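Engineer: My questions all concern the structure below.
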Amino acid sequence: MTDVLDTTRIRQDFPILAQPYQGKSLIYLDSAVSGLMPKAVNERIAHYQAFEHTNVHRGVSRLSQEATDRFEEARIKVRDLLNAPSAKQCIWTRGTTEAINLVAQSYGRQHIHEGDEILLSAMEHHSNIVPWQLLAEERGAKVRVLPMSESGELILEELDALLTSRTKILGVAQVSNVLGTINPVKEIIARAHAKGVPVLVDGAQAVPHMAVDVQDLDADFYVFSGHKLHGPTGIGVLYGKQEHLDSMPPWQGGGSMILSVSWEKTTFIGTPGKFEAGTPPIAQAIGLGSAIDYVRTLGYEAIAAHGQDLLAYATERVRTIEGLRIIGQAKHKASVLSFVMEGVHPHDVGSILDSEGVVVRAGHHCAQPVMKFFKIPATTRASFACFNDRSDVDALIKGLQTVKEIFG
Ligand SMILES: Cc1ncc(COP(=O)(O)O)c(C=O)c1O
């Protein structure tokens, strides 16, 4: 057992874990749906709201300048988290979904025309499918799919043939939210670039588990959500290469993003402001900055090692349950374990576990094409974070044994 993270101490950072749940203690195995927020992040947001709040990038008051400084400091934390060349390349959005919609509607409308192709991996979340389908419909373009194997790994042998002169963008998740697969995005990007195709990486499930370096990956766009990284909801990030961002038109208009406005003509400021019309989610950005501090203090090396240990232990233990099938058996996985149980609907598994105090996700996980591929309606999914330990996995196993008893 790894002792790289002191989970006893870490658990004290998450007050929600100390309160009774279903008459038991809460076992939270649902961090892939949303990460819990540590006290420090809550306190940082509350302090900002109570003592520092006003609007940003407006006015000459010291209060406004200080709020702006805190807001922009959070952006610098994002830059450092992703190793982006500049904070100007890190745009605040409401989350991963909005970041992908921004790229589809701005970069996509500019570059994708009739007969063009958008290549997506077979294991994308709906948020990396639907915005592209909407665009394809509007433009007369086509969405094509990079297939995966039964083990839940992308079939890279098919990649080069799918990258044609018509392909205008490739979208791929770094980590699958259903299967846990860690996709070799660096290799995928290199092969796409060899054919002149830019790549958008959905990092929603990657940033909670591994250090990300957008320059090393050479990603054209990289997106993630604050709430999966122990931050608040309502905030996310779009990173983009400067040359793309510079040539992309704004996707929303309003205050804060203009250089000048007249009835005849409006001109815009550069990035990131060009893409941040209106009052931004200030407290949420500052909260995400604090969550980044939290994660970086624990250290990605320790987080990744801890996650791998829990995943290996959980995988080994669930295999002892008769009639249970793991969905997603890739060689490289992050802390996500999806499964189905013979004769029991995943929703029933989830409800019984919940009554035992074990919170997991049951459903299609906003990835219906993945469900269709595996010919299942849904899965039950356990996902692990820094505060989980082996006793949480043991509680999951005990709950699954109860499911077996109930369903015979
Ligand atoms: C891989 C992946 N992409 C995108 C999303 C969408 O994130 P959000 O709802 O925060 O925009 C999720 C959320 O579950 C996800 O797991």
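The values are calculated or read from the model by the stated rules, or taken from the named source; none is laboratory data. What you see is a predicted model; the values in this text were computed from it and never measured. Neighbour counts are summed over all protein chains in view; Cβ atoms, including those assigned to glycine, are modelled from backbone coordinates with ideal geometry. The area values use the complete protein model at the heavy-atom level, side chains included, leaving out ligands, DNA and RNA. Shrake-Rupley method; radii C 1.70, N 1.55, O 1.52, S 1.80 Å.
Okay, residues lined up against (1) at pLDDT below 95; (2) more than 19 Å from GLN105 (Cβ to Cβ); (3) in contact with a strand residue (DSSP E or B) (Cβ under 9 Å, 6 or more places away or on another chain):
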residue	(1), (2), (3)
VAL214	no, yes, yes
ASP220	no, no, yes
LEU238	no, no, yes
SER256	yes, no, no
ALA277	no, no, yes
PRO281	no, yes, yes
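Engineer: Considering region 119-139 alone, what residues qualify as being away from the ligand (no atom under 16 Å from the Cβ) and under 18 Å from LEU163 (Cβ atoms)?
Structural biologist: Residues satisfying the conditions are LEU119, ALA136.
Engineer: Give me a count of the residues in region 130-144 that are touching a strand residue (DSSP E or B) at 6+ places or on another chain (Cβ under 6 Å) and under 18 Å from GLY203 (Cβ atoms).
Structural biologist: Final tally of qualifying residues: 1.
Engineer: When you scan region 82-147 for strands (runs of 3 or more DSSP E) that lie fully inside it, which ones turn up with 1 or more residues that are under 12 Å from VAL172 (Cα atoms) and open to solvent by 20 Å² or more (accessible area, probe 1.4 Å)?
Structural biologist: 142-146
Engineer: Next up: Going through region 355-408 one residue at a time, which ones are touching a residue at least 24 places away in the same chain (Cβ under 8 Å) and of a type in the set (S, T, N, Q)?
Structural biologist: Within region 355-408, SER355, GLN368, THR379, THR380, SER383, ASN388, GLN401, THR402 meet the criteria.
Engineer: Do we find a residue being more than 16 Å from the ligand (Cβ to nearest atom) and open to solvent by 60 Å² or more (accessible area, probe 1.4 Å) anywhere in region 28-38?
Structural biologist: Taking every residue of region 28-38 in turn, none turns out to be more than 16 Å from the ligand (Cβ to nearest atom) and open to solvent by 60 Å² or more (accessible area, probe 1.4 Å).
Engineer: Go through region 6-33 and give me each residue that's in a loop (DSSP other than H, G, I, E, B) and more than 17 Å from ASP309 (Cβ to Cβ).
Structural biologist: Correct list: GLN12, ASP13, PHE14, GLN19, GLN22, GLY23, LEU26, ALA32, VAL33.
Engineer: Could you tell me which of the residues PHE71, PHE14 is of a type in the set (Phe, Trp, Tyr), touching a helix residue (DSSP H, G or I) at 6+ places or on another chain (Cβ under 6 Å) and away from the ligand (no atom under 16 Å from the Cβ)?
Structural biologist: PHE71
Engineer: Can you tell me which residue is farthest from the ligand (Cβ to nearest atom) among those in region 193-226 that are touching a Pro at 6+ places or on another chain (Cβ under 7 Å) and open to solvent by less than 50 Å² (accessible area, probe 1.4 Å)?
Structural biologist: Per the stated criteria, the residue is ASP220.
Engineer: Something else now. Any idea how many residues of region 19-51 are closer than 13 Å to SER290 by Cβ and charged (D, E, K, R)?
Structural biologist: So the answer is 3.
Engineer: Do you know which residues across region 384-404 are open to solvent by 10 Å² or more (accessible area, probe 1.4 Å) and part of a helix (DSSP H, G or I)?
Structural biologist: Those that are open to solvent by 10 Å² or more (accessible area, probe 1.4 Å) and part of a helix (DSSP H, G or I): ARG390, SER391, ASP394, ALA395, LYS398, GLN401, THR402, LYS404.
Engineer: Checking the conditions here, which among ILE235, ILE182, ILE169, ILE155 is open to solvent by 40 Å² or more (accessible area, probe 1.4 Å) and either within 14 Å of the ligand (Cβ to nearest atom) or touching a residue at least 60 places away in the same chain (Cβ under 8 Å) (or both)?
Structural biologist: ILE182
Engineer: Then there's this: When you look at GLU187, is it of a type in the set (D, E, K, R), away from the ligand (no atom under 11 Å from the Cβ), within 30 Å of ARG325 (Cβ to Cβ) and surrounded by fewer than 21 Cβ atoms within 10 Å (Cβ to Cβ), yes or no?
Structural biologist: Spelling it out, GLU187 is indeed of a type in the set (D, E, K, R), away from the ligand (no atom under 11 Å from the Cβ), within 30 Å of ARG325 (Cβ to Cβ) and surrounded by fewer than 21 Cβ atoms within 10 Å (Cβ to Cβ).
Engineer: Taking ARG381 as meeting all but one of (1) assigned to a helix (DSSP H, G or I); (2) closer than 25 Å to TYR313 by Cα, write down the number of the exception.
Structural biologist: (1)
Engineer: Under 7 Å by Cβ, and 6 or more places apart or on different chains, what pairs join a residue from region 18-38 that is of a type in the set (Val, Ile, Thr) with one that is at pLDDT 95 or above and open to solvent by less than 20 Å² (accessible area, probe 1.4 Å)?
Structural biologist: Close Cβ pairs satisfying both conditions: ILE27/GLY357; ILE27/VAL358; ILE27/ASP392.
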